Amino acid sequence: MHINAAFSGFSVNDIEKAKDFYVRILGFDLASESMGLQFRLPFGGKLFVYAKPDHKPASYTVLNLVVPDIDDAVDELTVKGVAFERYPNLFPGGEQDEKGIMRSTDPITDGPSIAWFTDPAGNVLAILQDDTPNAS
């Protein structure tokens, strides 16, 4: 099989609220509004967000955003009104701090520092700081 491209997509219950959130709050580049919202992501990625009348929010992370400094990103989003999710008892030692960040002491063995939030439709998104060698 030859694949020319790949992209991710998920539904929302209000396309205008989603457009405002992904453009104004997250700063995504809106490429098209044909059949939904088509965004250009960094490094050639693409995302398709579409309206679905019987939308049910994803209970898992649908989009991970890698940032150079998780504290700066959390602070910036908090100022814009984003509330970070709190997940008690993620796993032993997986507690979140006062900002909602689950901090990694060793990104190679523990994974990245990460914080979760939702879009207006309730879909779970995450920002993470990947400090592993060769991370992009």
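Residue exposure proxy: Thr118, Thr78, ordered by other Cβ atoms within 10 angstrom of their Cβ from fewest to most, comes out as Thr78, Thr118.
Scan region 1-80 for trypsin sites (Lys or Arg not before Pro) in coil per DSSP, keeping those whose Cβ has at most 14 other Cβ atoms within 10 Å, and list them by number. Walk me through the intermediate numbers first.
Working: sites: Lys17, Lys19, Arg24, Arg40, Lys46, Lys80; in loops: Lys80.
Loop-located and lightly packed - Lys80.
Using Cα positions and a limit of under 19 Å, work out the aspartates and glutamates in reach of Lys17, with same-chain residues fewer than 8 apart set aside. By straight Cα distance, Lys17 reaches Asp29, Glu33, Asp54, Asp119.
So what's the net charge close to Ala6: Lys and Arg +1, Asp and Glu -1, counting the other residues with Cβ under 15 Å from its Cβ?
Numbers: positive: Arg40, Lys46; negative: none.
The answer is +2.
Between (i) 1.00; (ii) 1.10; (iii) 1.26, which matches Cα Rg over 2.2 N^0.38 Å calculated for the structure shown? So the structure-derived entry is (ii). How far is helix 70-79 tilted off the main Cα axis of the chain, in degrees rounded to 10, range 0 to 90? Orientation of helix 70-79: about 60 degrees from the principal axis. Applying a DSSP loop filter and a limit of 15 other Cβ atoms within 10 Å to the GluC sites (Glu not before Pro) in region 51-131 leaves Glu85, Glu95, Glu98. Remark on Lys46: its backbone amide H falls under 5 Å from those of Ser8, Leu41, a criterion applied only to residues 5 or more positions apart or on other chains, H modelled at 1.01 Å from N.
Select from region 23-95 those chymotrypsin sites (Phe, Trp or Tyr not before Pro) which occupy a DSSP coil region and have at most 10 other Cβ atoms within 10 Å, ordered by residue number. Hits after loop and neighbour filter: Tyr60.
Any read-out appearing in this document is the output of simple, stated calculations on the displayed coordinates, not a laboratory observation. Note that the coordinates shown come from a computational prediction; the quantities given were computed from them, not determined experimentally. Don't worry about glycine lacking a Cβ; one is built from the backbone with ideal geometry, like all the others, and counts go over all protein chains shown.
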